[in-house]
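The values are calculated or read from the model by the stated rules, or taken from the named source; none is laboratory data. Keep in mind that what you see is a predicted model, and the values were worked out from it rather than measured. Here the Cβ positions follow ideal geometry from the backbone for every residue, glycine too, while neighbour counts run over all protein chains shown.
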Amino acid sequence: MNKILILYGWHGSPPPHWQDWLARELVSIGYIVSFAQLSSPLEPKKEIWMKETKEILDELKPDTVICHSLGNILWWHLCNEGLALHVNRLLMVAPPRDLSEIEAVSDFFPVELPRSLYAKESLMVTSDDDPYLNKSEGIRFARALKTKHKVFQNMGHINTQSGYGAWPWVLEWVTCR
């Protein structure tokens with residue numbers, strides 16, 4: 001049985017965000033899904049989120065991890081500290097550049113790109129018009145992480161504000177091998 005861990009970013013991913021939609025879709029077809037509800041999504045604290053995520057990892061032992069935005073940075077910190085578990089697949093959607101200047105998330109930055117993503121297969125998905133990571137930054141991240149990279153056109157930060165509630169592409173990625 002496929003076990004999926006979904007890690008959201010700053011502000012969480014409440015309905016109609018694609019991560020919420022994805023969690024419901026996957027559960028409806030029989031996947032085991034942990035849509036991690038981490039503390040204080042509006043004012044996250046790195047150490048708290050890392051501890052909470054580590055507890056979920058140890059209990060769930062996911063096959064696949066799906067990160068959005070700050071969730072990617074969280075995963076990278078877990079990797080850097082040797083706290084991530086090895087997974088079959090990792091999807092990193094819309095990771096942000098260093099946002100140290102934003103007080104609410106400055107606790108997460110800077111972050112060193114991990115030497116290992118703790119995944120047999122990884123894919124980074126970015127948009128060519130994301131306000132938090134431009135196209136060339138996304139390419140640089142993907143190369144440094146030695147991961148596959150898909151750049152979508154005109155998808156913004158790939159969140160509710162840019163129109164991503166239902167996102168069939170991500171469901172297909174999770175369910176197809």
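Remarks
- When residues of the stretch 2-12 are limited to those that are surrounded by fewer than 23 Cβ atoms within 10 Å (Cβ to Cβ) and either at positive phi or at pLDDT 95 or above (or both), the one farthest from the chain's Cα centre (by Cα): 3
- Which numbered condition residue 99 fails, given (1) under 21 Å from residue 155 (Cβ atoms); (2) at pLDDT below 95; (3) of a type outside the set (D, E, K, R): (2)
- Criterion (within 14 Å of the chain's Cα centre (by Cα), farther than 24 Å from residue 171 by Cα and not polar (S, T, N, Q)) met by exactly one of 92, 50: 50
- Number of positions in the stretch 143-164 that are small (Gly, Ala, Ser) and in contact with a Ser or Thr (Cβ under 8 Å, 6 or more places away or on another chain): 2
- Condition check for residue 112: without any contact (Cβ under 8 Å) to a residue 12 or more places away in the chain and surrounded by fewer than 14 Cβ atoms within 10 Å (Cβ to Cβ): no
- Selection count where residues are among the polar types (S, T, N, Q) and farther than 24 Å from residue 60 by Cα, scope the stretch 86-123: 2
- Selection within the stretch 20-34 - crowded, with 18+ Cβ neighbours inside 10 Å and either at pLDDT below 95 or over 17 Å from residue 165 (Cα atoms) (or both): 31, 33, 34
- Residue check, residue 55 modelled with pLDDT of 95 or more, out of contact with any Phe, Trp or Tyr (no Cβ under 9 Å at 6 or more places or on another chain) and not hydrophobic (A, V, I, L, M, F, W, C): yes
- Evaluation of residue 146 against the conditions (1) out of contact with any Pro (no Cβ under 6 Å at 6 or more places or on another chain); (2) surrounded by fewer than 15 Cβ atoms within 10 Å (Cβ to Cβ); (3) touching a residue at least 60 places away in the same chain (Cβ under 8 Å) shows that the sole unmet condition is (3).
- Any hit, the stretch 82-89, residues being over 18 Å from residue 13 (Cβ atoms), without any contact (Cβ under 8 Å) to a residue 24 or more places away in the chain and either surrounded by fewer than 24 Cβ atoms within 10 Å (Cβ to Cβ) or touching a strand residue (DSSP E or B) at 6+ places or on another chain (Cβ under 8 Å) (or both): yes
- Checking each residue in the stretch 156-177 for being over 21 Å from residue 132 (Cβ atoms) and in contact (Cβ under 8 Å) with a residue 40 or more places away in the chain picks out 166, 171, 173, 174, 175.
- Of the criteria (1) over 17 Å from the mean Cα position of the chain (by Cα); (2) under 26 Å from residue 97 (Cα atoms), which one residue 15 fails: (1)
- Some residue of the stretch 117-125 being modelled with pLDDT of 95 or more and over 16 Å from residue 76 (Cα atoms): no
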